[in-house]
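First comes the structure, then the notes that go with it.
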Amino acid sequence: MKNISAKEKIAGISQFGKPNFRVTKKQILFSTLIICLGLLGLGGFWFKSRYKVDNQMSVKLQELSNVDYPANPAPLGKNFKRYSNRKLTLIKKDDTHFDFVLEATDKNTAKIVIKNVDLELLVPKAPEWVKKDQGLEIIAFTDREWNRQQISFPANSKNIEIVGGDGFEKQNIVEIALANNCLNAGFWEILLFTKEDNNKSLY
């Protein structure tokens with residue numbers, strides 16, 4: 001019997017052991033179609049969940065300290081985080097007017113309602129004269145989106161209602177502000193102010 005060299009053995013093993021992956025054009029097209037449909041489905045689900053709206057919606061709140069938000073220009077008061085962990089509910093009144101309801105999560109914290117806010121005034125819009133030029137329109141939207149839009153209400157305003165709690169907020173809140181901030185698109189702030197040593201302080 002003829003002796004087979006080690007090289008020939010290895011060549012034989014690799015030749016016979018090599019898996020045969022033959023992919024047809026039909027299989028490639030079918031796989032591509034499945035992947036595209038899957039991505040479209042995931043994109044549609046993400047878009048719907050992100051932009052789903054209702055007449056009453058819960059919105060996640062995050063309370064930020066100076067460490068979390070170093071660009072915050074307002075000084076923080078002595079009572080910062082004393083009344084926190086509120087839940088925010090947004091209630092649609094008509095196409096542009098909304099109530100912001102800050103719900104208390106404990107008996108010491110007051111329920112605060114900012115009523116009948118016209119959000120159309122705080123949403124960036126392009127002036128009519130720039131709409132003839134797409135480049136100018138993009139610049140206008142970018143400029144307005146990255147500039148702060150803010151409205152403030154004194155505590156005794158007809159737009160403000162403060163009920164419940166231990167009485168501190170009812171007696172000491174001097175101003176409430178709502179801002180579409182300039183840090184990024186879709187970032188909003190609700191600011192509650194008290195007075196300390198004759199200075200307005202964010203708490």
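For segment 84-130, compute the orientation-averaged projected area of the C-alpha convex hull (one quarter of its surface), in nm².
It is 4.2 nm².
How much accessible surface does Phe100 have with a 1.4 Å probe, in Å² rounded to 10?
20
Counting each DSSP H run of 4 or more residues in the chain as -39500 (n - 2.57), what helix-only mean residue ellipticity at 222 nm follows after dividing by all residues, to the nearest 500 deg cm²/dmol?
Details: 4 runs with 56 residues, N = 203.
Mean residue ellipticity at 222 nm (helix-derived): -9000 deg cm²/dmol.
Using only the heavy atoms of the protein chains and a 1.4 Å probe, how would Arg144, Arg50 rank by accessible area, largest first?
Reading off the accessible areas and sorting them downward yields Arg50, Arg144.
Viscosity 0.692 mPa s, temperature 37 °C: give me the Stokes-Einstein translational D for the chain in µm²/s, with Rh taken as the Kirkwood radius over C-alpha pairs.
148
Mind scanning Lys52/Lys125; Lys78/Lys111; Lys78/Lys158; Lys111/Lys195 and naming the pairs with a C-alpha gap bigger than 25 Å?
Where the Cα-Cα span goes over 25 Å, the pairs concerned are Lys78/Lys158.
With the other protein chains left in place, how much accessible area per residue, in square angstrom, belongs to segment 110-203 at a 1.4 angstrom probe?
Accessible surface, normalised per residue, equals 59 Å².
Which sequence of Trp146, Trp188 reflects their accessible areas, 1.4 Å probe, from the largest down?
Trp146, Trp188
Rounded, prolate or oblate, given the Cα gyration tensor of segment 112-197, with a/c below 1.5 counting as rounded? Don't skip to the answer; put the middle values down first.
Values: a/c = 3.84, a/b = 2.77, b/c = 1.38.
Cα axes put segment 112-197 in the prolate bin.
With every protein chain left in place, what is the accessible area of Cys36 in Å² (1.4 Å probe, nearest 10)?
That residue has around 70 Å² of solvent-accessible surface.
In the chain, which helices (entire DSSP H runs) extend 30 Å or more along their own long axis, judged by Cα positions, while averaging at least 0.0 on the Kyte-Doolittle scale? Display every interim value, and only then the final one.
Values: long enough: 25-51 (38 Å, 0.79).
Long hydrophobic helices here: 25-51.
The values are calculated or read from the model by the stated rules, or taken from the named source; none is laboratory data. Values in this document were obtained by computation on a predicted structure and should not be read as measured data. Keep in mind that these areas ignore ligands, DNA and RNA; they rest on the heavy atoms of the full protein, side chains included. Shrake-Rupley method; radii C 1.70, N 1.55, O 1.52, S 1.80 Å.
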